Amino acid sequence: MATSPRLWANPPGNSPLPLPSEPMFFSSKELSRMDFPKMPECDSLDLVGLKEYVGNFSLENGNLVKDIIDLEKRRPLLISGELANPYRLCDLMAPDMPLIPVRLEDICRTWADNLDARDIQPGIHHVTIVRSPGWWERTFITLLE
């Protein structure tokens, strides 16, 4: 499936969906599917464990994330809403990064997308993350330099 992120079929104005349905590796020139590695057998991950886990995702060509980017200087970032849209990541000139779907629990995102003309002024607009006991939703994390 490796293809240009500019060919992403879903325009960023449709946020918060549709976004990638699986883990992907983003670069400004190519978007590739990734396969999940074995899940760590622990209750929680520290930063070192998270980097090790993310580094073991494999791309379609068989390369591992840790062989493509240096994870040593990277930190986790929650990617909410249109920021996970590959087309929008190109607009923002984002660096190479893995996009990994995760489940957030007891947190929800609220939107007010009709307040701006996002294709005229690209960016990340009007997203609020709030506590909401019992609620869960899918979003993404990455490791960003």
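Out of all the residues in the range 25-63, which are touching a residue at least 40 places away in the same chain (Cβ under 8 Å) and not aliphatic (A, V, I, L, M)? Within the range 25-63, F25, F26, S27, S28, K51, F57, E60, N61 meet the criteria. Being among the acidic types (D, E), in contact with a Lys or Arg (Cβ under 8 Å, 6 or more places away or on another chain) and more than 23 Å from R103 (Cα to Cα) is a condition met by no residue of the range 74-89.
Just one of the listed residues (I124, I69, I79) is at pLDDT 85 or above, aliphatic (A, V, I, L, M) and either under 24 Å from L7 (Cα atoms) or out of contact with any Cys (no Cβ under 9 Å at 6 or more places or on another chain) (or both), namely I69. Taking the criterion of being under 22 Å from E137 (Cβ atoms), touching a helix residue (DSSP H, G or I) at 6+ places or on another chain (Cβ under 6 Å) and modelled with pLDDT of 90 or more, would at least one residue in the range 26-38 satisfy it? Yes: one or more hits.
The values are calculated or read from the model by the stated rules, or taken from the named source; none is laboratory data. What you see is a predicted model; the values in this text were computed from it and never measured. Glycine gets a Cβ as well: all are built from the backbone with ideal geometry, and neighbour counts include every protein chain shown.
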